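Colleague: Can you read through this structure? Questions will come right after.
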Amino acid sequence: MKTSYKAGIVILTALVIITNIVGINIGNQYYQKVCMLNINPATTGLEYYKTSFNYERFTQLQSNKLWIESDFDYQLSGTYILNPEPTNNTVILVHGIGADRWEAMKYSDMYIDMGFNVLAYDSRKHGHSGGKDITLGFFEKTDLNNVVNWVKLVNPNGIIGVHGESLGAVTALLQAELDQTRRSVDFYVVDCPYSDLWDLMNIKLTGNLRPSFRLSGAFILFYANIIALTKSNFSLHAVSPITVISDIETPIMFIHGSNDTFIPASMSLELYLSKKGPKELYISSGAEHAMSYLTNKEEYVSKVKGFLAGHKLLGY
């Protein structure tokens, strides 16, 4: 009996060790794929994106390159574009994962036409900004808060808006909670955010699997979370706009494409229903992920303009 008992302990210990080795390896691979994303320089930058906005007008407007200090020992690189009609009102554009400030510039035309200056910047580990990893909104929210503080310092009496797309939308929502004490930001427009990072990752990992295999998603995420905590000092569970949205009193407009297969539109609906106070929801018909503006531009602009006008937040 003692021999069988010892053998059982050895086998169990070996299984635990093997499971952890396999889990750590798979979790690290997933972490590397998401948080250490290799961004192709050929599909970013001004030259790649300049056809998506009025580049000719941009070249005629006064713009300034700027560097804003992060709290994490690197700098954020941005471009501040002044409206042709002098104003203190500014909208901050926050791009999605794997892109840069120029990808978000497609929204600049809309806001310049509505009387705002525009500040577009490269998020952590994107473009020319520093940062060793992507934390999917966790540390990015503090970086955005520093950008907001910079705008507030430059234009203390102006309207400040934040327009974020995908990861940028999540960053905006997480920063909005930080902003509730000072209320520096007057409005947020969030295009295709995820309501909870863990839920989204689980959907992406297990959405096409049979129920009997769905435990594998939780297995991968458990170890990916350990790697994220160890290497990047954040938990996947901490990136959850749905847990903070009810505390945000600032007006928020939620936008999502009806055909978004990357982040389901139901996540924006969930956030909208949980948000108290001023809010609006626009589902862009036929639009895929982060394509609502380009798919239904006229309607998109009209909806955003109506939202701002309704809250007396237009730039002019």
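The values are calculated or read from the model by the stated rules, or taken from the named source; none is laboratory data. Bear in mind the structure is a predicted one, so any value in this text is a computation, not a measurement. Methodologically, a virtual Cβ is constructed for each residue, glycine included, from the backbone with ideal geometry; neighbour enumeration extends over all protein chains shown. Keep in mind that these areas ignore ligands, DNA and RNA; they rest on the heavy atoms of the full protein, side chains included. Shrake-Rupley method; radii C 1.70, N 1.55, O 1.52, S 1.80 Å.
Colleague: Counting only protein heavy atoms and using a 1.4 Å probe, what share of the accessible area of the stretch 25-118 belongs to carbon plus sulfur, as a whole percent? Let's see the in-between values first.
Modeller: On the way: 2100 of 4460 Å².
Here carbon and sulfur together make up 47 percent of the probe-accessible area.
Colleague: Please sort 130-141, 183-194 by packing, taking for each peptide the average over its residues of neighbouring beta carbons within 10 angstrom, highest first.
Modeller: Values: 130-141: 22.2, 183-194: 24.2.
Final packing ranking: 183-194, 130-141.
Colleague: Could I ask something else about it? Which order do the peptides 43-56, 282-295 come out in when sorted by mean C-beta neighbours inside 10 angstrom, highest first? List each step's numbers first, then the result.
Modeller: Numbers: 43-56: 14.7, 282-295: 18.9.
Per-residue Cβ counts within 10 Å, averaged per peptide and sorted highest first, yield 282-295, 43-56.
Colleague: Of all beta bridges DSSP finds with both residues in the stretch 39-157, what is the antiparallel percent, to the nearest 5?
Modeller: 70
Colleague: Over 18 Å apart: what share of the alpha carbon pairs of the stretch 139-238 falls there, rounded to a whole percent? Intermediate results must be reported in sequence, preceding the final value.
Modeller: Details: 2815 of 4950 pairs.
Tail of the P(r) past 18 Å holds 57 percent of the pairs.
Colleague: Near K65, which aspartates and glutamates are there with a Cα under 16 Å away, not counting those fewer than 8 places off in the same chain?
Modeller: Qualifying aspartates and glutamates at Cα under 16 Å: D100, D122.
Colleague: Residue by residue, what Karplus-based ³J(HN,Hα) values in Hz, rounded to whole numbers, does the stretch 159-166 have, using 6.51, -1.76 and 1.60 with θ = phi - 60° and x for Gly and Pro?
Modeller: Here the 3J(HN,Hα) series is 6, 10, x, 10, 10, x, 10, 6 Hz.
Colleague: While we're on this one: So, with a 1.4 angstrom probe, what is the percent of accessible area on the stretch 262-316 that is carbon and sulfur?
Modeller: Numbers: 1600 of 2920 Å².
Roughly 55 percent, rounded to a whole number.
Colleague: Gain in length, I18 to L294, computed as 0.36 nm per residue apart minus the alpha-carbon separation, to one decimal in nm? If you can, show how the numbers build up before the last one.
Modeller: On the way: separation 276, 0.36 × 276 = 99.36 nm, distance 4.88 nm.
Full extension of this stretch gives 94.5 nm more.
Colleague: Going down the table (K50/K106; K276/K305; K141/K305; K275/K297; K125/K297; K152/K276), which pairs top 18 Å between alpha carbons? Show your work: numbers first, answer last.
Modeller: Details: K50/K106 9 Å; K276/K305 21 Å; K141/K305 25 Å; K275/K297 26 Å; K125/K297 30 Å; K152/K276 25 Å.
Over 18 Å apart, Cα to Cα: K276/K305; K141/K305; K275/K297; K125/K297; K152/K276.
Colleague: Using a 1.4 Å probe, how large is the accessible area of E249, given in Å² and rounded to the nearest 10?
Modeller: Approximately 120 Å² for this residue.
Colleague: Under a plain spin-label model, where a point goes 7 Å from the Cα along Cα-to-Cβ, how far apart in nm are I283 and F222?
Modeller: Spacing of the two 7 Å Cα→Cβ label points: 3.6 nm.
Colleague: If you average 1/r over all unlike Cα pairs in the stretch 77-156 and invert the result, what Kirkwood radius do you get in angstrom? Before the final figure, lay out the partial values.
Modeller: On the way: mean 1/r = 0.0771 Å⁻¹.
In the stretch 77-156 this quantity evaluates to 13.0 Å.
Colleague: With a point put 7 Å past each Cα toward its Cβ, work out how far T181 is from Y316 in nm, to one decimal.
Modeller: Output for this residue pair reads 3.8 nm.
Colleague: To continue, here is another question. Can you give me the accessible area per residue for the chain, using a 1.4 Å probe, in Å²?
Modeller: On the way: 14690 Å² over 316 residues.
Computed with neighbouring chains in place, this is 46 Å² per residue.
Colleague: Quickly work out the Q60-to-N146 label distance, labels modelled 7 Å from Cα along the C-beta direction, and quote it in nm with one decimal.
Modeller: If labels sit at N146 and Q60, their model points lie 3.6 nm apart.
Colleague: What shape does the stretch 210-316 have by the C-alpha gyration tensor, where a ≥ b ≥ c are the square roots of the eigenvalues, rounded means a/c under 1.5, and otherwise prolate means a/b greater than b/c and oblate the rest?
Modeller: Values: a/c = 2.58, a/b = 1.71, b/c = 1.51.
Prolate.
Colleague: Right, here's the next one. As a check on your grasp of the helix formula, calculate [θ] at 222 nm for the chain: sum -39500 (n - 2.57) over DSSP H runs of n ≥ 4, divide by the residue count, round to the nearest 500. Spell out each step's value before the answer.
Modeller: Numbers: 12 runs with 137 residues, N = 316.
Here the helix-only value at 222 nm equals -13500 deg cm²/dmol.
Colleague: Cα gyration tensor of the stretch 43-90, axes a ≥ b ≥ c as square roots of the eigenvalues: rounded (a/c below 1.5), prolate (a/b > b/c) or oblate?
Modeller: Here the stretch 43-90 falls in the oblate category.
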